[in-house]
Amino acid sequence: MSQGNAAAEPAEAARKSGGNLERALRQGHFAVTAELGPPRGWDAAFVRKKAQILKGWVDAANVTDNQAAVVHMSSIATGLLMIEEGLEPIIQMTCRDRNRLAMQSDLLGAAAHGVHNLLCLSGDHQSKGDHPGAKNVHDIDSIQLVAMVRAMRDENHYQNGRDIPGGGPRLFIGAAANPFADPAGMRPYRLRKKAQAGADFIQTQLVYDVPRFREFMKKVVDLGAHERVAILAGVGPLKSPGMARHLRLNVPGMAVPESLDARLEAAVKGIAGDDKTARSTAWREEGKRICVELIQEIREIEGVAGVHIMAIEWEEAVPEIVKAAGLRSGTQG
Amino acid sequence: MDPFHPEVVAFCCRHCAYAAADLAGGKRQPYPAAIKIVELPCTGRIDVVNILHAFEDGADGVLIAGCLNGSCHYIKGNLYARQRLDYVHGLLGEIGLEAERARMINISAAMGVQFAELAGEHVETVRALGPSPLRRKIKQGEAA
Amino acid sequence: MIVAEKKPLDAIARMLDGCGRVLAVGCGTCVTVCFSGGGKEVATLAASLRMKRRMEEGKPLEVTEAMVQRQCEWEYLEPLAEQIKEYDAVLSLGCGVGVQTLAERFPATRILPALDTLFMGLPSAQGVWEERCQGCGACVLDKTGGICPVSRCAKQLFNGPCGGSQNGRCEVDAALPCAWHMIWERAEALGMTESLMAIEAPKDWATSRDGGPRRMVRDDLRLPAEQGQEGGE
Ligand code: SF4
Ligand code: SF4
């Protein structure tokens, strides 16, 4: 348990969880989170290496839970390796794979090992993953998960209403929001619902279409939801025009303006078509530049409390983006 | 060994193919003797089970002859027949019979020559496939 | 209605390996109207099985066709009682309930399923059937504008759509409408969006299959003798 550390910090600096992310948000810093994808096998060195890349550049990093419904090392186990490396994990938990018993027991265990943050998700459907014949659970939904964990923490009881011996786990609770999915009219209300259920922070789907995001945020601010929950906008560097197209066409609920494809295409002007390495490097450089610009624009939007940088299998890009956007110097943890 | 004389049951719509077959005969463009015509008010009358029963009773092939698309006397009977034939093709595959043994053609009452040609074509397809294995087995069963 | 579809012919043929005489029994209710277990389907399957057996060179298969009005009630099965003894097996073209009702009524005979029972649903267009209810035992349709989130949302969400809903379609299959998109639009049309703002608490799945096999009892309808046997009071 981290009681020793918590005692050394200002009393109100970490009330709910004792974690970095909560402290940064409470102190009014523009929060930065990233994502660490666990390995498909059980290679701890893989996790440690990625953790070292991100360490010092972000307040905390999400650990995905069987992302895309494909079996990976467990998010909690991966998170423990990250803690050992000095990187604070945000454990993702989907409603797809666990019922309320498994969720609660796993969270008690995670808290005992020093996990401070949880992100509650519905989860991608298993039909899209590597075990399409699996039975899904969906005992409770993501908003019910948020409410359950909040009651565990603040009211010290299980979902069934009975007391948790010794009190509930101290978790900073997150949820996801997709500003670009349908039905568009319900999206701001759904975010507010998550805040009302007890979410402390929200991470959004990747934002590439800033005007649409601004519109969404205006409604969120009008509802006053941003005062109850810290909203971290999702951003991520594009690797190629192909990736932009793929996100636009194949990922439901994703808005990627075509002007970005054009910008990436322009970045490889003058490079020979068969020089794959040079083209890829040019695209990636441009992708990072676009990402930095997006962060700078998004930062100015009312109600945005931070960014969540998703650089899938490209963790090296995160420190560069954070530095270029002037969010961190990388010297402190 | 007996020479193979294929037998093909032709379900013919009264408004087109049946008349076309008549015309073919009148013009001395006879359709092959292998074709055994069953007259229908419309190919839409055909049911999956009718086609199966033809095969079960020993037919080597089945021909469904309906009106040209858009000219069905009952608007869409020929389209229904086509869909049912598609379904039968699946069943024939499951049973272990070649799907090509059942075919549909679309003609008008005036197309006697074409009827004779297309019917002849299907008889040749069936001849190339050989006798229906079910027919062989009926004979064996009788002999046994 | 209960919607079912024919199993692959080979799977049915394998169940019948070794059988010489089979009674194929259709059902005149749900599976007749979804075209999987009515009189025509019984005839089609019987012919298919006979032909397949001939192709496979086994001993000949005799398939007798029969229909009952409703396979899911013992009373309707009585007309089969005499003839059933003459068969090696009964092939049911009823839903899973029909198969089991036959098996319970005729414990000395092998009863085999010819259909895969799919769901409770309706014909949404000619030739298309869609699921509408999972029998969760605690209906919430009053709260969701008559659209079921249990059977129609791929993730059984109770508090709004997941992030994959786009253009009214479900992320799982673009052929399927997103249940929550429909729920929201219905609420807008009825001026009832406010009712979707409340947080819906975790569902009590004990009334669903999760609580174990279910049973319904109406004492007022029972025969007095049965009541006595069961309760002892
Ligand atoms: S809520 Fe339950 S009972 Fe009502 S339609 Fe859905 S599954 Fe059926
Ligand atoms: S897209 Fe709609 S129906 Fe499909 S899982 Fe998400 S909320 Fe449910």
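Points 7 angstrom from Cα along the Cβ direction at C:Leu176 and A:Ala112: gap in nanometres?
3.7 nm
Enter the angle in degrees (range 0 to 90, nearest 10) between the Cα long axis of helix A:210-222 and the first principal axis of the Cα atoms of chain A, meaning the one along which they spread out most.
30 degrees
What is the magnitude of the charge dipole of region A:1-142 about its Cα centre, with +1 placed on the Cβ of each Lys and Arg, -1 on the Cβ of each Asp and Glu, and no other charges, expressed in debye to the nearest 20?
Here region A:1-142 has a charge dipole of around 60 debye.
What does the charge dipole of chain A about its Cα centre add up to, to the nearest 20 debye, if the Cβ of each Lys and Arg holds +1 and the Cβ of each Asp and Glu holds -1? Write out the running numbers ahead of the final one.
On the way: 41 positive and 40 negative charges, 69 e Å.
Around 340 debye, computed over chain A.
Going by a ≥ b ≥ c, the root eigenvalues of the Cα gyration tensor, does region A:10-324 fall in the rounded group (a/c under 1.5), the prolate group (a/b larger than b/c) or the oblate group? Kindly include the intermediate steps, with their values, before the conclusion.
Details: a/c = 1.62, a/b = 1.45, b/c = 1.12.
Taking the square roots of the gyration eigenvalues as a ≥ b ≥ c, region A:10-324 is prolate.
Go through region B:114-123 residue by residue and turn each phi into a ³J(HN,Hα) via Karplus (6.51, -1.76, 1.60, θ = phi - 60°); whole Hz please, and just put x for glycine and proline.
Per-residue couplings from phi come out as 5, 4, 4, 5, 5, 5, x, 4, 5, 4 Hz.
How big is Rg to Rh over the protein assembly as shown, alpha-carbon atoms, Rh as the Kirkwood inverse-mean-distance radius?
Expressed as Rg/Rh, it is 1.10.
Please list, in chain and number order, the residues 5+ apart from A:Ala230 or on another chain whose amide H is under 5 Å from its amide H, with Hs placed from the backbone.
A:Phe201, A:Ile202
Taking only Cα atoms, what is the 0 to 90° angle, nearest 10, from helix A:75-85's long axis to the longest principal axis of chain A?
Long axis of A:75-85 versus the principal axis of chain A: about 80 degrees.
With point charges of +1 on the Cβ of Lys and Arg and -1 on the Cβ of Asp and Glu, referenced to the Cα centre of region A:10-324, which listed residue (A:Ile202, A:Thr277, A:Gln67) lies farthest in the positive direction of the dipole?
Sorting the options by dipole projection puts first A:Ile202.
Lys and Arg at +1, Asp and Glu at -1: add these up for the other residues within a Cβ distance under 10 Å of C:Tyr87 and post the number.
0
Distance between the C-alpha centers of region A:155-178 and region C:156-219? Whole Å please.
Measuring centre to centre over Cα atoms gives 24 Å.
Take the alpha-carbon centre of region B:84-116, take the same for region A:179-223, and report the distance between them in whole Å.
Region B:84-116 and region A:179-223 have Cα centres spaced 57 Å from each other.
Antiparallel as a % of all DSSP beta bridges within chain A, to the nearest 5?
Working: 1 of 34 bridges.
So the antiparallel bridges amount to about 5 percent of the total.
What is the magnitude of the charge dipole of the protein assembly as shown about its Cα centre, with +1 placed on the Cβ of each Lys and Arg, -1 on the Cβ of each Asp and Glu, and no other charges, expressed in debye to the nearest 20?
With Lys and Arg at +1 and Asp and Glu at -1, about 740 debye.
Is the C-alpha gyration tensor of region A:113-254 telling us rounded, prolate or oblate? Criteria: a/c under 1.5 is rounded; beyond that, a/b larger than b/c is prolate, otherwise oblate. Intermediate results must be reported in sequence, preceding the final value.
Working: a/c = 2.14, a/b = 1.41, b/c = 1.52.
Cα axes put region A:113-254 in the oblate bin.
Please name whichever of B:Gln83, B:Leu129, B:Ser71 sits farthest to the positive end of the charge dipole of region B:8-143, dipole taken about the Cα centre and charges placed at Cβ: Lys and Arg +1, Asp and Glu -1.
Going by the charge dipole, the pick is B:Ser71.
If r is the Cβ-Cβ distance from A:Ile271 to A:Ser329 and R0 is 25 Å, what FRET efficiency results, to the nearest 0.05?
Rounded to the nearest 0.05, the efficiency is 0.15.
Taking chain A as a Gaussian network, Cα atoms linked when under 10 Å apart, which of A:Val71, A:Val207, A:Val32 shows the biggest mean-square fluctuation?
Evaluated over chain A, the most mobile residue of the options is A:Val71.
So which lysines pass the test for A:Lys49, namely a Cα distance under 28 Å, with those fewer than 8 places away in the same chain ruled out?
A:Lys239, A:Lys276, A:Lys288, A:Lys323
Can you tell which of C:Arg21, C:Arg105, C:Arg218 shows the greatest fluctuation in a Gaussian network model of chain C with Cα springs below 10 Å?
In this elastic network of chain C, the residue with the biggest mean-square fluctuation among C:Arg21, C:Arg105, C:Arg218 is C:Arg218.
Cα axis of helix B:133-143 to longest principal axis of chain B: angle in degrees, 0 to 90, nearest 10?
The angle comes out at about 50 degrees.
Can you list, largest first and rounded to whole Å, the semi-axes you get for chain C by taking the square root of 5 times each eigenvalue of its Cα gyration tensor?
40, 26, 14
Once a ≥ b ≥ c are taken as the square roots of the eigenvalues of the Cα gyration tensor of region C:2-119, is the result rounded (a/c under 1.5), prolate (a/b larger than b/c) or oblate (a/b not larger than b/c)?
In terms of gyration-tensor shape, oblate.
Go through C:Val25, C:Val90, C:Pro8 and say which Cα lies farthest out towards the positive end of the charge dipole of region C:2-119; charges sit on Cβ, +1 for Lys and Arg, -1 for Asp and Glu.
Sorting the options by dipole projection puts first C:Pro8.
What order do you get for A:Lys55, B:Lys36 when you list them from fewest to most C-beta neighbours inside 10 Å? Present the calculation step by step, with values, prior to reporting the outcome.
Details: A:Lys55 17, B:Lys36 12.
Fewest to most other Cβ atoms nearby, the residues stand as B:Lys36, A:Lys55.
Taking the C-alpha atoms of region A:194-333, how large are the radius of gyration and the largest Cα-Cα span, Dmax, in Å?
Just the Cα atoms of region A:194-333 yield Rg and Dmax of 16.4, 54 Å.
Every number here is computed from the coordinates shown, using simple stated rules; none is lab data. Since we're looking at a predicted model, the values are computed, not measured. Note that we place each Cβ from the backbone using ideal geometry, even for glycine, and neighbour counts take in every protein chain shown.
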